[in-house]
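For reference, the structure is listed below as structure tokens.
The values are calculated or read from the model by the stated rules, or taken from the named source; none is laboratory data. The structure displayed is predicted, hence computed values, not measured ones. So basically every Cβ, Gly included, is an ideal-geometry build from the backbone, and we count neighbours across all protein chains shown.
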Amino acid sequence: MSSREVTVNKSFLIKMAINVAIVAIGVVFVVGSFDVSPGFQQIVGADQYSRAVASLLTVLGILGVGRAVLDYRKGAFDEEELKIVVEMRRAGKRIGALFLLLILNIYLIRIIGYFESGFVFLTLAIFVLGDKTRRRFLQAVAFALLITAIVYVVFGVMLNIYLPRGLLIN
């Protein structure tokens, strides 16, 4: 009886880990979506929307797992690292900063309101992810102001969807 050495490709393991994490996050959000209140004056309630997005995330993660297994069986993985891992290492600080800005945005919504926190988030995210020059900051402010105005007109005025009230925009 000979012992058979099993070697698993590192790229395959990384791709599987990423896809399994996506499935796990999707499942957690699907389960969590049952605690979201249905909303009011909306065609599609907040509970249905979040459940649909989480379900889509779960399905895409499962498809990614299946694709990774099929690619592994075909021998499609080489020994080079996955491009996504290399890019994530390069952008590690920016990804961390964006994650912190997202958490800040979530807390600011309750304090200063949805539109104001969205403006702050967009301005800082564009500035942090790009060149840190004065001109870039002013462009970020202008772009964030434009996007905030568009979101306000579409959701607040045209669709009449309630969003958390703010300091400036009620």
Wholly inside region 33-128, helices (runs of 4 or more DSSP H) that include 1 or more residues that are at pLDDT 80 or above and polar (S, T, N, Q) are 46-74, 92-112
Does Ala149 satisfy the condition of being part of a helix (DSSP H, G or I), free of Cβ contacts under 8 Å to residues at least 40 places away in the same chain and buried (at least 16 other Cβ atoms within 10 Å of the Cβ)?
no
